[in-house]
Amino acid sequence: MPHFTQHSAETFLNQFICIEDIASISAGDRATIRDALALLVPQSDYQTLGVCADNLPQAITALNHYLQGLGHDQTLGLPSESAEVTVPRGPLYLKYNTRKQGYYLDRYQGPYRGVLVSLQSDSLDGIQGTYGHFPLDLFTLPT
């Protein structure tokens, strides 16, 4: 595990901003991404996770793995048929706020499939930053 400072963790994560071929991120870099996020996430007051996926079950699975991997005990279930939520068919964007524990869904036709991690702070001098797209399965444990 690399020894990160806040600055070096942010610098490392910045190299993954808007990269198109996230499937080629090596296993070593995936572990280092997890380590860098593990250092930075506790320094933020809350996070916003943006998931670009092919469908809602894939998005919910990725979101829940990220929540667990980032140290949250919250999860998001699939909206029920009776919920007053319009679930887009096909590719979508799922945005989740860990403070409000609320989400937003919309269609997504862009090329990215992955997760954006935005670190939010209440103070102006606190940690702020958006990193990714990271692989949907970054926090999926091998079976």
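FYI, it's all coordinate maths here, none of it is from the lab. What you are looking at is a predicted structure, and each value in this text was computed from that prediction instead of being measured. Positions of Cβ are backbone-derived with ideal geometry, glycine not excepted, and every protein chain shown enters the neighbour counts.
Here are some notes:
- Under a model in which nothing but the beta-carbon of Lys, Arg (+1) and Asp, Glu (-1) is charged, the chain shows a dipole of about 180 debye around its Cα centre.
- The range 6-134 shape via C-alpha gyration tensor axes, a/c threshold 1.5: oblate
- Sum of side-chain charges, Thr98 neighbourhood, beta-carbon under 15 Å (Lys, Arg +1; Asp, Glu -1): 0
- Pair Asp73, Asp137: separation of 7 Å Cα→Cβ label points (nm): 3.0 nm
- Computed FRET value (nearest 0.05) for Val87 with Thr130, which takes r as the C-beta separation and R₀ as 35 Å: 0.90
- Pairwise label distance in nanometres, Asn14 with Gln109, each label 7 Å out on the Cα-Cβ vector: 3.4 nm
- Under the shape rule built on the C-alpha gyration tensor, where the axes satisfy a ≥ b ≥ c, the range 8-70 is oblate, since a/c reaches at least 1.5 while a/b does not exceed b/c.
- Mean-position separation - Cα centroids, the range 1-74 and the range 102-125, in angstrom: 12 Å
- Dipole of the range 6-134, positive direction: furthest Cα of Tyr46, Tyr131, Gly102, with charges on the beta-carbon: Gly102
- Net length available on complete extension from Arg99 to His3 is 31.7 nm, with 0.36 nm assigned per residue and the Cα-Cα distance removed.
- Separation in nanometres of the label points that stand 7 Å from Cα toward Cβ, at Asp122 and Asp45: 0.5 nm
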